[in-house]
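Structure first, then comments.
The values are calculated or read from the model by the stated rules, or taken from the named source; none is laboratory data. Keep in mind the model is a prediction, meaning the values are calculated, not measured. So basically every Cβ, Gly included, is an ideal-geometry build from the backbone, and we count neighbours across all protein chains shown.
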Amino acid sequence: MLTSRIISRSSKVATATTSRLTTPVRPKSIYSIRPITCSTKLYKEDKRQPNFASRALEQTEDDHEGAFGRTDNTIRIEHPDEMEHPPSKPIQGRGGLHFKRTLASFTMENRTVIVTGGARGLGLVMSQACVISGADVAIVDLNKDEGQRQADELMKHFQEENPGAENVPKVTAHYCDVSDNESVKSTVAEIVKVHGKVDHLVTSAGFTENFDAIAYPPDRLRKLWGVDVDGTYFFACEVARHLIDRKAKGSMVLIGSMSGAIVNVPQPQAPYNAAKAAVRHLASSFAVEWAHAGIRVNCISPGYMLTALTEKIMIENPDLHKQWTSLIPTGKMGQPEDLMGAVCYLLSDASGYVTGADLRVDGGYTIT
């Protein structure tokens, strides 16, 4: 910076000298230019006239500067109890006979996929995507009854949209507390017994809620991390153990969130953000650790998605929807089906040389 300053001043001196032909002036040496200083006089002037940054710090809470980049500690949203959780519906018209040609490497026929949290929301839609792509699916959820209902619905829709199909995917439902390692081991063993093997895993079990960090109830904090982080870890390790014992290749998709890379506003959710950052890095770590066994591990980081639960929150908190969409370059929240192509790509052979990647499906939120 000092060098560019000297060159600039020297050029001005030379120009001035050339223009004054009648009165020759000896140019000053470039080394005689007064350097940038923090003299007492200048300091006092700054004190009398505060700079822009200083003035910004004096703004009240009602001013707009930085307001949209802060969290609001008055926002508190608890994750609903199991029986209060709104049900989801399979996406209509997404299956059917495939008249459009596509790459054969996207198929998942003769594969078995475990989807945790598969009875609702994003997990249900990704389960359906796997079924449409020809895979057998094991839906894992804390609510087995809801999981069984959705398993029946997925098979029903497939048969209706593919009349006369010879190979109808097998969809089953299984109970599991993903935060309990023994429960995870028991569930994976049950799935292997029913399906014969496991080839893929999607860890969609997880939840978020909003409390400011200081007021976050410790028991709810441990529950969130238990489901979002421990559950992802336990299931990934158990499926990897199964694949390594079989000497079989496979792939996993860990469901993270854009919250693992940015801080959401205005709702405070530090534990969830940290949990999803952990999930993203688990995918990278597992990808390296299990590469020798032919196991690929990737992460999908969704942005704001309009699930049944999110829609309920939007109805109860309309200002949140307005602020969220104002920060998304595409100007809208994502639909759950926006994840169908992403999960099929990362699970299937179409992404055979992709591992340790984080695919953000967020409408551009994290790049602005």
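Picking from residues in the range 183-236 that are basic (Lys, Arg) and in a helix (DSSP H, G or I), the one that is surrounded by the fewest Cβ atoms within 10 Å (Cβ to Cβ) is 193. Among residues of the range 256-305 being out of contact with any strand residue (DSSP E or B) (no Cβ under 7 Å at 6 or more places or on another chain) and among the hydroxyl-bearing types (Ser, Thr, Tyr), the one that is farthest from residue 331 (Cα to Cα) is 285.
The set of residues in the range 225-254 that are of a type in the set (Val, Ile, Thr) and over 19 Å from residue 279 (Cα atoms) contains only 244. Condition check: within 30 Å of residue 109 (Cα to Cα) and either among the hydroxyl-bearing types (Ser, Thr, Tyr) or outside the structural domain of residue 350 (by TED's automatic domain parsing) (or both). Does residue 285 satisfy that? Taking the combined requirement at face value, the residue satisfies it.
Restricting 347, 306, 339 to residues that are over 20 Å from residue 212 (Cα atoms) and surrounded by fewer than 21 Cβ atoms within 10 Å (Cβ to Cβ) narrows the list to 306.
Figure legend. Inter-residue proximity from the range 182-198: first residues among the charged types (D, E, K, R), second residues in a helix (DSSP H, G or I), beta-carbon distance below 7 Å, spacing 6+ or different chains. Indicated pairs: 185/238; 197/246. If you filter the range 350-368 down to residues that are closer than 21 Å to residue 281 by Cβ and in contact with a Gly (Cβ under 8 Å, 6 or more places away or on another chain), you find that the one that is surrounded by the most Cβ atoms within 10 Å (Cβ to Cβ) is 362. Across the range 120-149, the number of residues qualifying as under 23 Å from residue 162 (Cβ atoms) and not β-branched (Val, Ile, Thr) comes to 15. Residue 150 fulfils the conditions (1) outside any helix (DSSP H, G or I); (2) touching a strand residue (DSSP E or B) at 6+ places or on another chain (Cβ under 7 Å) except for a single criterion, (1).
Would the range 145-153 turn up any residue that is under 29 Å from residue 310 (Cα atoms) and of a type in the set (Lys, Arg)? Talk me through it step by step, then tell me what you get.
Residues of the range 145-153 that are under 29 Å from residue 310 (Cα atoms), as a first pass: 145-153.
Cutting the leftovers down to of a type in the set (Lys, Arg) gives us 149.
There is at least one residue in the range 145-153 that is under 29 Å from residue 310 (Cα atoms) and of a type in the set (Lys, Arg).
crowded, with 16+ Cβ neighbours inside 10 Å and modelled with pLDDT under 95: does that describe residue 158? Yes; evaluated as a whole, the condition is true for this residue. Filtered by the rule that a residue be out of contact with any Gly (no Cβ under 7 Å at 6 or more places or on another chain) and within 21 Å of residue 336 (Cα to Cα), the range 209-268 gives 209, 232, 252, 253, 254, 256, 257, 259, 260, 261, 262, 264. Taken together, the residues in the range 273-303 that are surrounded by fewer than 24 Cβ atoms within 10 Å (Cβ to Cβ) and among the aromatic types (Phe, Trp, Tyr) amount to 1.
The number of residues in the range 254-266 that are under 11 Å from residue 208 (Cα atoms) and in a loop (DSSP other than H, G, I, E, B) comes to 1.
Residue 118 falls short of the stated requirement of being in the same structural domain as residue 305 (by TED's automatic domain parsing), part of a loop (DSSP other than H, G, I, E, B) and free of Cβ contacts under 8 Å to residues at least 60 places away in the same chain.
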